[in-house]
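The values are calculated or read from the model by the stated rules, or taken from the named source; none is laboratory data. From a predicted model like this one, the values you see are computed outputs, not experimental measurements. Cβ placement follows ideal geometry from the backbone for every residue including glycine, while neighbour counts extend to all protein chains displayed. Accessible surface areas use protein heavy atoms only, side chains included; no ligands, DNA or RNA. Shrake-Rupley method; radii C 1.70, N 1.55, O 1.52, S 1.80 Å.
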Amino acid sequence: MNLAFADWAVMALYLLVVLVIALYCSRRNTSTEEYFVGGRRFRGWVIGLSLVGTSISSVTFLAYPADAFKTGWLRYLPNLALPFAIAMAAWFFLPFFRRGNLTSAYEYLEQRFGPSLRVYGAAAFIIAQLVRVSMILWLLALLIQQLVSIPPATAIVLSGLFVGLYTVVGGIDAVIWTDVLQTVVLILGGVLCLWIVVDALPGGLVQLFSEAGRAGKFALAEWGEDGPGATRWTLSLSEKTATMMLFIGLTNWLTEYASNQNTVQRYCAARSLGEARRALWVYLFTALPLWAFYMLLGTGLWVFFQHFPDSQSQEVLAGTARAETIVPWFITEYLPVGIAGLVVAAALAAAMSSLDSSINAVATVSVVDLYRRHWRPNQEDRHYLAVARSAAALTMVLMILGALWLNGATTHTLQDTSTILVSLLGGGMLGLYLLGFFTRTGNTFSAWCGLICTLAFTGWTLLSEQSWWPEALRAPFDLYYTGLIGNVLMFLVGYGVAHLSGRLLASRYG
């Protein structure tokens, strides 16, 4: 069906509120301190909900349900490592970033290992974020395409311009407050979707759980020869078992809370260490149930389309249509007037809350870690503020170009793709930060030795995926585990080189 006037009105109202927030926040942006960290005055609950909005993107709204619809709950498993990562961040990581009024996560790297490592960390973050925002924008365009009859490129450009412009104008204040709004809208939109599914099933929620359970749709491991979840708790580097997915989750979440500028910038924007810690717990107890909820939505859609099959759902199940199209299809074809508009607004919120955070973070890192530190030091603050806005605008343009490229590429489910990209582009950053946080050994030389080994290892795994690469030289493990192994390698090599070089110096001069 086509969206009714009431649906368009709901979406227009949501977008108008976002613009008003951005314009209101723009009045404060008279310094880089305000533009980057909001004057360091935010309460913990605001930062916590902002973190939820940042992490719960279109990958959650579209790809989580798509994954659960087509397979099981395997990709939820990494999220179960989040409580441990949050505890580590709250008590061990936060104090390092709250000292000395830091603005960037990579200022710490210079304090600990020297300026070259700061440049590396900043560059790795910028590259990874450009990939991430391009993917999120492309997912958003999938939804927009099903709502209005416009070409995919037009949907990408228009949505990218809207998000980019309000972020350029509003700075981190607009990012944080619109993230709070977007989190609320996202939760409400998901609840309405699941309510429609459950209401349509004769047996309601009980029927959903019973039918999905019998079909193995809640399985926490891939289907094995003996049925769903047969390889659930084995240790293996060649298949995605539950145990190994937990290790991947722990690696990814520790990386997020130790080295990701999106997160560290929120630490720095909180008014105190206590408020920053409170933000992490607000995030944990909001995000973890919400991810499970969106997996349940995908499972519910699978049950729904068993009873009410149509051409689109059958094509997705047969693999001839992208799984990420199932939620937009359900919204446009099955939701009542008015509710459809609110759910579409939730989908827009899911994308926008991640895109605006990343755009602002890339601008912050570009100015603080690269431009002001190395290219044009000792300029007036208003000069850096102008450069920050220009960097945000450039990030918006690159994001749009990346999404246009993805639109013409062939991918597997986007949850798979995003997990692989996070692993590949992490570049051993977690291992580097843990070396700094938990040891007193290590210097510029040992850190670079670890990073070079990690980059060589990552390059080898990339080559192993190429069809022309010799079979005997292929990596004997799943590409999912690149980040996990790479970070362990970074820590061990960095620590080992520092220890050996220290012993050599002691024996020579001792």
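Structure values in brief
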| item | result |
| --- | --- |
| Residue ID - modelled with the lowest pLDDT, chosen from residues in the range 224-246 that are more than 24 Å from Val52 (Cβ to Cβ) and in a helix (DSSP H, G or I) | Ala242 |
| Residue check, Val168 under 21 Å from Met399 (Cα atoms), under 20 Å from the mean Cα position of the chain (by Cα) and buried (at least 22 other Cβ atoms within 10 Å of the Cβ) | no |
| Close pairs from the range 112-135: first farther than 12 Å from Leu451 by Cβ and part of a helix (DSSP H, G or I), partner charged (D, E, K, R) and open to solvent by 40 Å² or more (accessible area, probe 1.4 Å), Cβ under 6 Å, at least 6 apart | Arg118/Glu110 |
| Qualifying position, being at pLDDT 90 or above and open to solvent by less than 20 Å² (accessible area, probe 1.4 Å), among Leu117, Leu74 | Leu117 |
| Condition met for Phe308 (under 30 Å from Gly171 (Cβ atoms), surrounded by fewer than 23 Cβ atoms within 10 Å (Cβ to Cβ) and among the aromatic types (Phe, Trp, Tyr)) | no |
| Near pairs, Cβ below 7 angstrom, 6+ apart or cross-chain, from the range 180-206 (within 15 Å of Leu62 (Cα to Cα) and at pLDDT 90 or above) to any residue that is open to solvent by less than 50 Å² (accessible area, probe 1.4 Å) and not charged (D, E, K, R) | Leu194/Leu296; Leu194/Leu297; Leu194/Gly300 |
| Residue list for the range 311-325, filter: free of Cβ contacts under 8 Å to residues at least 60 places away in the same chain and buried (at least 19 other Cβ atoms within 10 Å of the Cβ) | Ser313 |
| Residue check for Phe84: over 24 Å from Thr325 (Cβ atoms), open to solvent by 20 Å² or more (accessible area, probe 1.4 Å) and within 21 Å of the chain's Cα centre (by Cα) | yes |
| Leading residue by the ranking (modelled with the highest pLDDT) among those in the range 464-510 that are within 19 Å of Leu451 (Cα to Cα) and open to solvent by 100 Å² or more (accessible area, probe 1.4 Å) | Leu492 |
| Qualifying residue in the range 332-355 (condition: among the acidic types (Asp, Glu) and within 30 Å of Thr263 (Cβ to Cβ)) | no |
| Considering residues of the range 22-59 that are part of a helix (DSSP H, G or I), open to solvent by 40 Å² or more (accessible area, probe 1.4 Å) and not charged (D, E, K, R) only, the residue nearest to Leu102 (Cα to Cα) | Trp45 |
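Every residue, every condition in (1) at pLDDT 75 or above; (2) open to solvent by 20 Å² or more (accessible area, probe 1.4 Å); (3) touching a Gly at 6+ places or on another chain (Cβ under 7 Å), yes or no:
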site	(1), (2), (3)
Asn407	yes, yes, no
Thr411	no, yes, no
Thr417	no, yes, no
Ile420	no, yes, no
Leu425	no, yes, no
Gly428	yes, no, yes
Gly431	yes, no, yes
Phe438	yes, yes, no
Asn443	yes, yes, no
